[in-house]
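Colleague: What follows is a single structure, and I will ask about it in a moment.
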Amino acid sequence: MSNSASELGTCPFCGSAIQTGAILVEYEAEGETRVFAECFECEEPVQPQ
Ligand SMILES: [Zn+2]
């Protein structure tokens, strides 16, 4: 029950789980790959944590 391969992380604002299918943009910053994904609760792009 700990398989979360399809989950990117959680929304920093509301704590909802963000799925990989919600990715909007991937980019590199400070040598790391970061993503923005849409939170369906906030209806905004967020950076999953
Ligand atoms: Zn949210």
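Here, each number is a calculation from the coordinates, and none is a lab measurement. This is a predicted model, so every value here is computed, not measured. Positions of Cβ are generated from backbone atoms using ideal geometry, with glycine treated the same way; all protein chains shown enter the neighbour counts.
Colleague: Of the chain, which part is the longest with no GluC sites (Glu not before Pro) in a loop (DSSP not H, G, I, E, B) and with at most 16 other C-beta atoms within 10 angstrom?
Modeller: Values: sites that count: Glu30, Glu41, Glu43.
Result for the longest clean stretch: 1-29.
Colleague: Taking the chain as a Gaussian network, where each spring joins two C-alpha atoms under 10 Å apart, which residue of Ala17, Ala37, Ala29 fluctuates the most?
Modeller: The residue that fluctuates most here is Ala29.
Colleague: Separate question: Show the residues, 5+ positions off or on another chain, whose built amide H is closer than 5 Å to the amide H of Ile18.
Modeller: For Ile18, the qualifying residues are Leu8, Gly9, Thr10, Cys11.
Colleague: In what order do Cys14, Cys39 fall by count of nearby beta-carbon atoms within 10 Å, going from fewest to most?
Modeller: Working: Cys14 12, Cys39 22.
Placing the least packed residue first, the sequence is Cys14, Cys39.
Colleague: Mind sorting Thr10, Thr20 by how few other Cβ atoms lie within 10 Å of their own Cβ, fewest first? Let's see the in-between values first.
Modeller: Values: Thr10 15, Thr20 12.
By the 10 Å Cβ count, ascending: Thr20, Thr10.
Colleague: Continuing with this model, one more query. Taking H as built 1.01 Å from N, whose amide H comes closer than 5 Å to the amide H of Cys39, not counting residues under 5 places away?
Modeller: HN-HN under 5 Å from Cys39: Glu44, Val46.
Colleague: Find the relative contact order for the chain and round it to a whole percent, using C-alpha pairs within less than 8 Å whose residues are 6+ positions apart. Working shown, then result.
Modeller: On the way: 83 pairs, mean separation 16.9, N = 49.
Across the chain, relative contact order equals 34 percent.
Colleague: Would you kindly compute the Cα radius of gyration of the stretch 7-46 and its largest Cα-Cα separation (Dmax), both in Å?
Modeller: 9.9, 30
Colleague: Moving on. Where nothing but the Cβ of Lys and Arg (+1) and of Asp and Glu (-1) is charged, how large is the charge dipole of the chain around its Cα centre, in debye to the nearest 20? Spell out each step's value before the answer.
Modeller: Numbers: 1 positive and 9 negative charges, 30 e Å.
Rounded to the nearest 20 debye, it is 140 debye.
Colleague: Report the label-to-label distance for Leu24 and Gln47 in nanometres (one decimal), using points 7 Å from each Cα along the Cα→Cβ vector.
Modeller: 1.4 nm
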